Each structure stands twice: as structure tokens, then as C-alpha cells.
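Asker: There's a structure below that I have some questions on.
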Amino acid sequence: MESIERLAEMFIRFPGIGPRQARRFVYFVMRQDAGWIDAFIRELTQLRAATTQCTACRRRFMGATKAERTCPTCADTSRSNETLMIVEKEVDFETVEKSRAYSGRYFILGGTISPLEEDRAEPMVHALCARIEAMTQAGLSEVVLALSATSEGDDTAEYLHQRISPLAQKHPFALTMLGRGLSTGSEIEYADTKTLKDALSRRTKLD
Ligand SMILES: [Zn+2]
């Protein structure tokens, strides 16, 4: 595979980017001078070096020291340990936090789970189950699936429902999902505060 194809393959992995846009990005990069390319590489490398993955919620966050592996939200003792909200990605977490409609704990999946890629999702599901088990020791009473009302979000919710149900039978917590205040097709990332509050207050229990 030549350079152009390899780079296009990398851009296709960005959220919302299709093959045509990926090629446009490649041609854009090809037109930049060496200084711009060096700065771009430097920023990517520094971003990676300056962020840490939180051991509790799996969010990538900035400003951690070597000793600190827990993000400020997970380290905040004023937050409730009774609820754990599962979201797809960091921007969803940010949207929910901005709404101030929720004060429990989080788990960030880092992507959706498609039926064809369940093997790839296995380490993430394993980490999630370990987190739930640990939280049952700290008074967990509810796990909320807060996924987008899209087909990818539905597939992910369905899969997690199957995987978390056995734990919900073993421990005294309820498994719920956001109420459909979120209309079909809407993504958590773009939901406004009122919609999120509605969806949270009308969450439904899964069996
Ligand atoms: Zn965290």
C-alpha cells in the first residue's frame, strides 16, 4: 500500500470521516510545508504524552502526575457511588457533566460495540465488569446505559445488557437505560441540557 492509501486509512478511523473526506485530508497534508508537518507531529506526540487513561472510568485526561492514575472526577469524594453511568466516549461525558443533571460515577467505553466486533470489545467489557464488581463493594445501586439513540448505540446497549445482566442478578443493583426523551437518531454528544435531564429522569429499568 502506498503512503497516500496508508494515511487515508488512518483518517478513515476518525469519527464521522468517510473515504472521500479521508483522501481530502491526505491531499491537504501533502500541500503543507515541512514546518507545518513537524508541528502537527509534535502536537500529536505531546497530546499522547500529556494524557493518562484513568484507571477507574477509562477516560483519557490531562494534567496527571506519574503517581496519579485517577481523573479529578473519579477522585472527587463528593460524588455519589450509588450510580455508574456508561457512556460511549469522552465528549459524551463532557456533555453530561455540563448539564449538571448527574452526580454519580462514569465508565467511558471508548467506542461502540458492533455485533461483528465483539472480540475487539472484550478487553473493554472485561474492564467494565471489573469496575461494576468493585463498585458493588461501595454501595452501587444502579448502572445506567447512556448510549446514543442510533443503531450503533442500540447494538452497544443490547450487547452490554446481555453482559451486565448476570452481574445484576448476583448483586443488588438495577440496570437502566436513558428514557426516550432522546428522539431516534439523536446522539448524547449533541443533546441539550433539557433533553438530557428529561432522558435521565425518565430512565427505564432493564430486566
Ligand atoms: Zn476517571
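The values are calculated or read from the model by the stated rules, or taken from the named source; none is laboratory data. This is a predicted model, so every value here is computed, not measured. Cβ placement follows ideal geometry from the backbone for every residue including glycine, while neighbour counts extend to all protein chains displayed.
Asker: Of the residues Arg48, Arg20, Arg13, Arg69, which is of a type in the set (D, E, K, R) and either touching a Gly at 6+ places or on another chain (Cβ under 9 Å) or more than 23 Å from Pro123 (Cβ to Cβ) (or both)?
Answerer: Checking each option against the conditions leaves just Arg20.
Asker: Let me ask another. Determine if region 167-184 includes at least one residue that is touching a residue at least 60 places away in the same chain (Cβ under 8 Å), within 29 Å of Met62 (Cβ to Cβ) and out of contact with any Asp or Glu (no Cβ under 6 Å at 6 or more places or on another chain).
Answerer: No, every residue in region 167-184 fails to be touching a residue at least 60 places away in the same chain (Cβ under 8 Å), within 29 Å of Met62 (Cβ to Cβ) and out of contact with any Asp or Glu (no Cβ under 6 Å at 6 or more places or on another chain).
Asker: Still on this structure: Tell me, yes or no, whether region 102-110 has at least one residue that is away from the ligand (no atom under 15 Å from the Cβ), touching an Asp or Glu at 6+ places or on another chain (Cβ under 8 Å), over 25 Å from Arg48 (Cα atoms) and among the small types (Gly, Ala, Ser).
Answerer: No.
Asker: Looking for whichever is at pLDDT 95 or above, touching a Ser or Thr at 6+ places or on another chain (Cβ under 9 Å) and surrounded by 16 or more Cβ atoms within 10 Å (Cβ to Cβ) here; the options are Leu140, Leu167, Leu200. Which one fits?
Answerer: Leu140
Asker: Moving to a separate point now. Confirm whether Glu43 is more than 14 Å from the ligand (Cβ to nearest atom) and either of a type in the set (Lys, Arg) or loosely packed, with under 15 Cβ neighbours inside 10 Å (or both).
Answerer: Considered against the rule, which asks whether it is more than 14 Å from the ligand (Cβ to nearest atom) and either of a type in the set (Lys, Arg) or loosely packed, with under 15 Cβ neighbours inside 10 Å (or both), Glu43 comes out as yes.
Asker: Yes or no: Thr65 among the β-branched types (Val, Ile, Thr), part of a loop (DSSP other than H, G, I, E, B) and on the phi < 0 side of the Ramachandran plot?
Answerer: It is true that Thr65 is among the β-branched types (Val, Ile, Thr), part of a loop (DSSP other than H, G, I, E, B) and on the phi < 0 side of the Ramachandran plot.
Asker: Separate question: Got at least one residue in region 108-123 being of a type in the set (Ser, Thr, Tyr) and touching a strand residue (DSSP E or B) at 6+ places or on another chain (Cβ under 7 Å)?
Answerer: no
Asker: I'm told Glu133 meets every condition in (1) free of Cβ contacts under 8 Å to residues at least 24 places away in the same chain; (2) surrounded by fewer than 20 Cβ atoms within 10 Å (Cβ to Cβ) except one. Can you identify the failing condition by its number?
Answerer: Failing condition for Glu133: (1).
Asker: Now for a different question. Please go through region 56-84 and give me each residue that is within 11 Å of the ligand (Cβ to nearest atom) and more than 14 Å from the chain's Cα centre (by Cα), ordered by number.
Answerer: Scanning region 56-84 gives Ala64, Glu68, Arg69, Thr70, Cys71, Pro72, Thr73, Cys74, Ala75, Asp76, Arg79.
Asker: Still on this structure, I have one more. Determine if region 121-132 includes at least one residue that is of a type in the set (Val, Ile, Thr) and away from the ligand (no atom under 13 Å from the Cβ).
Answerer: Scanning region 121-132 turns up at least one residue that is of a type in the set (Val, Ile, Thr) and away from the ligand (no atom under 13 Å from the Cβ).
Asker: Within region 52-110, take every residue that is in contact (Cβ under 8 Å) with a residue 40 or more places away in the chain and among the β-branched types (Val, Ile, Thr) and give me the one that is surrounded by the fewest Cβ atoms within 10 Å (Cβ to Cβ).
Answerer: Val91
Asker: Just one of the numbered conditions (1) within 16 Å of the ligand (Cβ to nearest atom); (2) in a loop (DSSP other than H, G, I, E, B); (3) aromatic (Phe, Trp, Tyr) is not true of Phe14; which one?
Answerer: Tallying (1) within 16 Å of the ligand (Cβ to nearest atom); (2) in a loop (DSSP other than H, G, I, E, B); (3) aromatic (Phe, Trp, Tyr), Phe14 fails exactly one: (1).
Asker: Continuing with this model, one more query. Hey, can you tell me all the residues within region 170-194 that are surrounded by 19 or more Cβ atoms within 10 Å (Cβ to Cβ) and at pLDDT below 90?
Answerer: Once the filter is applied, which keeps residues that are surrounded by 19 or more Cβ atoms within 10 Å (Cβ to Cβ) and at pLDDT below 90, region 170-194 yields Leu178, Leu182, Ile188, Ala191.
Asker: Answer with yes or no whether Asp92 is away from the ligand (no atom under 13 Å from the Cβ), assigned to a helix (DSSP H, G or I) and within 24 Å of the chain's Cα centre (by Cα).
Answerer: yes
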